[in-house]
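Worksheet: the structure to be examined is printed underneath.
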Amino acid sequence: MIILHWIALNKELILTKRKLFIESYGCAMNFADSEVVASIMSEVGVETTNNEMDADIIFINTCSIRENAEQKIRNRLKHLRHNKKQNKQLTIGILGCMAERLKKQLLEEEKLVDIVAGPDAYRELPILLQEVESGHKAMNVILSLEETYAEIQPTRLNSNGVTAFISITRGCDNMCSFCVVPFTRGRERSRSPESIVSEAKDLVSKGYKEVTLLGQNVDSYLWYGGGARKDFNKLTDEEKSNSVNFAKLLEMVAHVNPDLRVRFSTSHPKDIHDEVLFVMKRNDNVAKHIHLPAQSGNSRILKKMNRTYTREWYEMKYNRIKEILPNCSVSCDIITGFCSETEDDHKDTLELLVNCPFEFSYMYYYSERPGTLAARKYEDDIAEDIKKRRLSEVINVQHDIAKKLNRAQEGKVHRVLIEMQSKKNENEWMGRNEQNIKVIFPKDHYNLGDFVDVIIERSTTTSLIGKGITK
Ligand code: SAH
Ligand code: SF4
Ligand code: F3S
């Protein structure tokens, strides 16, 4: 009965709604989720389009990480009023973190929104669309302890056919006091290794050359045979011996094909262990780059941020990476002007950047997020102009360091995977070296998706420029 009902709903959907335009904001996980959404929708006959004017349905997969991320979506919605005026049948859905954070409030505040769907509710999207068809607004923001969309084969969107993301965990169990993600994405859960390996194999068979394993905290990946993630110490002996941790998973994916380049992101300094570093060392196809956000260089602030490590611990991890993997690049995230940060605390962050040179870094000023631990417990007491001034100091120091690190590569040869035509010059390729730095070089006889040895001739803060030497 239930199945028949589903089919009836879906058939009607096939007849009435045809084209879907998906727009994604925020982190790579959100972009990966949009590909899951596209796949779910294609199952009910709704195909994606790259042209929003062609679409009957527009889904915006949103981010809540900072206030300005949400502001961007609000501005976008203002523009969409025009689309809705032109096409009264247009259905607008807000997906992702902002949907989860604001729930019903979003439907009340943004009148043109028809659907609000949180990150664990995407299987329900066909039903939600059906509700809209029958004249109602529709919402599902229930978070799950189990949902990993494990068996769904993502429909690759705007793909270069060369690089792809594979989600390995969802949610986050760390409660960094500034961060909204545990509230918008729920508890951490790991996807089965079989489904991850099979997705990697499928990508290889389709000609992809690189995969990035994604999670908010990849190093806490743990699969012990099913269900939500448990504390390792609470597993039975049998569960323990059958369990797969991140190091094992990384090696399983590395073994899918020696020519598949494997990346991963993000690593938490408290969870990355030697075992992962040794897997990286013994597998040439695991790219030598670790994204290891520090957030601050001051231990008091780190404690307040609930990052559970100190400045010394961070430096020790950084040095351990360089000891085991001398060629490994490390990148970072920094937040300036967190609650109670003094000028001296800020100087500690500048000093960290010097002590632990990062090839690149994503840098932000603190943005208070409603509902987080910091919003409830601490005063957002650093004036915006100070937060911004500290941010620009951090950016300046970081750029100088990146420039020097890149300059040191001049004259050296890097193995680069060609990802796309350079944005600035149609006669040049853009690819990345193992360290995840952009490399620009003349197209010559090379093709998209080729691995090319490039000799570096010049460099900037963000890229290396050279010439291919592979015959
Ligand atoms: N899971 C990753 C980070 C995810 S969010 C980790 O633990 O490192 C990406 C980055 O956004 C964070 O590393 C942090 O630097 C920044 N960020 C998160 N919340 C923020 C906030 N409230 N204000 C400013 N930046 C924030
Ligand atoms: Fe947010 Fe911290 Fe989880 Fe990263 S580890 S997603 S910063 S709570
Ligand atoms: Fe943004 Fe959600 Fe990612 S808040 S950074 S889209 S997990």
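Miscellaneous remarks
- Matching entry among Leu102, Leu90, Leu128, Leu80 (being out of contact with any helix residue (DSSP H, G or I) (no Cβ under 9 Å at 6 or more places or on another chain) and aliphatic (A, V, I, L, M)): Leu128
- Counted residues, segment 1-35 - those being modelled with pLDDT of 95 or more, surrounded by 21 or more Cβ atoms within 10 Å (Cβ to Cβ) and more than 16 Å from ligand 1 (Cβ to nearest atom): 4
- Pairs, first within 11 Å of Glu151 (Cα to Cα) in segment 171-198, second more than 14 Å from ligand 1 (Cβ to nearest atom) and in a loop (DSSP other than H, G, I, E, B), C-beta under 7 Å, six or more apart: Arg191/Thr148; Arg191/Ala150; Ser192/Ala150; Ser195/Ala150; Ser195/Glu151
- Subset of segment 48-61 (residues that are surrounded by 17 or more Cβ atoms within 10 Å (Cβ to Cβ) and either in a helix (DSSP H, G or I) or within 16 Å of ligand 2 (Cβ to nearest atom) (or both)): none
- Condition met for Val204 (more than 15 Å from the chain's Cα centre (by Cα) and either outside the structural domain of Asp120 (by TED's automatic domain parsing) or within 16 Å of ligand 1 (Cβ to nearest atom) (or both)): yes
- Odd one out for Asn425 among (1) part of a loop (DSSP other than H, G, I, E, B); (2) in contact (Cβ under 8 Å) with a residue 40 or more places away in the chain; (3) not assigned by TED's automatic domain parsing to the domain that holds Lys317: (2)
- Pairing residues of segment 58-82 that are more than 22 Å from Ala28 (Cα to Cα) with residues that are within 16 Å of ligand 2 (Cβ to nearest atom), at Cβ distances under 8 Å and at least 6 apart in sequence or on separate chains, gives no pairs at all.
- Checking the stated criteria, Gly371 turns out not to satisfy the condition of being more than 27 Å from the chain's Cα centre (by Cα) and among the small types (Gly, Ala, Ser).
- Here Leu95 passes the criteria (1) within 16 Å of ligand 3 (Cβ to nearest atom); (2) assigned to a helix (DSSP H, G or I) except the one numbered (2).
- Output for segment 40-86, where each listed residue is touching a Lys or Arg at 6+ places or on another chain (Cβ under 6 Å) and within 16 Å of ligand 3 (Cβ to nearest atom): Ser64
- Any hit, segment 201-220, residues being at pLDDT 95 or above, touching a Phe, Trp or Tyr at 6+ places or on another chain (Cβ under 6 Å) and among the acidic types (Asp, Glu): yes
- Exclusive hit being at pLDDT below 95, buried (at least 18 other Cβ atoms within 10 Å of the Cβ) and within 16 Å of ligand 3 (Cβ to nearest atom), set Arg189, Arg185: Arg189
- Residue within segment 344-361 that is farther than 19 Å from Ala287 by Cβ, part of a strand (DSSP E or B) and within 16 Å of ligand 2 (Cβ to nearest atom) present: no
- Condition met for Glu341 (within 18 Å of Ser392 (Cβ to Cβ) and within 14 Å of ligand 1 (Cβ to nearest atom)): yes
The values are calculated or read from the model by the stated rules, or taken from the named source; none is laboratory data. Just so it is clear, the structure is predicted and the values come from calculations on it, not from any experiment. Don't worry about glycine lacking a Cβ; one is built from the backbone with ideal geometry, like all the others, and counts go over all protein chains shown.
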